[in-house]
Amino acid sequence: MKFTFTAISLISLVAAQLAPGSLPACGRDALQRGESASRCGAGDTRCLCAAPQVRSAFQQDVNSACPNRDDKQKYASTFNRACGGQPGFNAIRVPN
């Protein structure tokens, strides 16, 4: 139950920056795994944005799961907007 609720909160945090359903499906499982591993509380934006597990989910897992560079960029841009200005957050970059 906690996994589901927590995973939904990170996806909601990121998806809130876009129109509903506009994030590619390819990276959703990666985000859920990263958020679950972070042990951040649901809705704890500061923790989620600074958690190395969440960052790893974006930098490694989403990049692996989403073969299309535009999909990767959409996740990175959205996460950067959602977390910009949060303590401990460093912007996500999509590799070339």
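Have a look at VAL94, VAL62 and point out the one that is of a type in the set (Val, Ile, Thr), in a loop (DSSP other than H, G, I, E, B) and in contact with a helix residue (DSSP H, G or I) (Cβ under 8 Å, 6 or more places away or on another chain). Before you say what the answer is, go through the steps one by one.
On the way: VAL62 fails: in a loop (DSSP other than H, G, I, E, B).
Result: VAL94 is the single residue among VAL94, VAL62 that is of a type in the set (Val, Ile, Thr), in a loop (DSSP other than H, G, I, E, B) and in contact with a helix residue (DSSP H, G or I) (Cβ under 8 Å, 6 or more places away or on another chain).
Considering only the range 53-76, how many residues are free of Cβ contacts under 8 Å to residues at least 24 places away in the same chain and among the hydroxyl-bearing types (Ser, Thr, Tyr)?
1
Would you be able to say whether some residue in the range 64-72 is buried (at least 18 other Cβ atoms within 10 Å of the Cβ), among the hydroxyl-bearing types (Ser, Thr, Tyr) and at pLDDT 85 or above?
Residues of the range 64-72 that are buried (at least 18 other Cβ atoms within 10 Å of the Cβ), as a first pass: 65-66, 71-72.
Right, trim to among the hydroxyl-bearing types (Ser, Thr, Tyr) and you get none.
Taking every residue of the range 64-72 in turn, none turns out to be buried (at least 18 other Cβ atoms within 10 Å of the Cβ), among the hydroxyl-bearing types (Ser, Thr, Tyr) and at pLDDT 85 or above.
Hey, can you tell me all the residues within the range 46-71 that are more than 14 Å from LEU31 (Cα to Cα) and either polar (S, T, N, Q) or in contact with a Leu (Cβ under 9 Å, 6 or more places away or on another chain) (or both)?
Correct list: ASN68 only.
Going through SER12, SER56 one at a time, which residue ends up being on the phi < 0 side of the Ramachandran plot, polar (S, T, N, Q), out of contact with any Ser or Thr (no Cβ under 9 Å at 6 or more places or on another chain) and at pLDDT 70 or above? Give the derivation first.
Working: SER12 fails: at pLDDT 70 or above.
Exactly one residue qualifies, and that residue is SER56.
Going by the structure shown, is GLY85 out of contact with any strand residue (DSSP E or B) (no Cβ under 7 Å at 6 or more places or on another chain), surrounded by fewer than 18 Cβ atoms within 10 Å (Cβ to Cβ), modelled with pLDDT of 85 or more and in a loop (DSSP other than H, G, I, E, B)?
Details: out of contact with any strand residue (DSSP E or B) (no Cβ under 7 Å at 6 or more places or on another chain): yes; surrounded by fewer than 18 Cβ atoms within 10 Å (Cβ to Cβ): yes; modelled with pLDDT of 85 or more: yes; in a loop (DSSP other than H, G, I, E, B): yes.
When the stated conditions are applied, GLY85 passes them.
I'd like to check something: does the range 30-44 contain any residue that is surrounded by 15 or more Cβ atoms within 10 Å (Cβ to Cβ), in contact with a Pro (Cβ under 7 Å, 6 or more places away or on another chain) and closer than 21 Å to ASN96 by Cα?
no
Taking the condition of being among the charged types (D, E, K, R), without any contact (Cβ under 8 Å) to a residue 40 or more places away in the chain and in a helix (DSSP H, G or I), how many residues in the range 26-46 meet it? If you could, list the steps in order and put the result at the bottom.
Filtering the range 26-46 down to residues among the charged types (D, E, K, R) leaves 28-29, 33, 35, 39, 44, 46.
Subset that is without any contact (Cβ under 8 Å) to a residue 40 or more places away in the chain: 28-29, 33, 35, 39, 44.
With in a helix (DSSP H, G or I) added as a condition, the list becomes 28-29, 33, 35.
Here the count works out to 4.
Applying the selection to the range 65-80, what residues are part of a helix (DSSP H, G or I) and among the polar types (S, T, N, Q)? Give the steps one after another, and end with the answer.
Within the range 65-80, the subset part of a helix (DSSP H, G or I) is 65, 69-80.
Residues satisfying the conditions are GLN73, SER77, THR78, ASN80.
The values are calculated or read from the model by the stated rules, or taken from the named source; none is laboratory data. Values in this document were obtained by computation on a predicted structure and should not be read as measured data. Cβ coordinates were reconstructed from backbone atoms using ideal geometry, including for glycine residues, and neighbour counts include every protein chain displayed.
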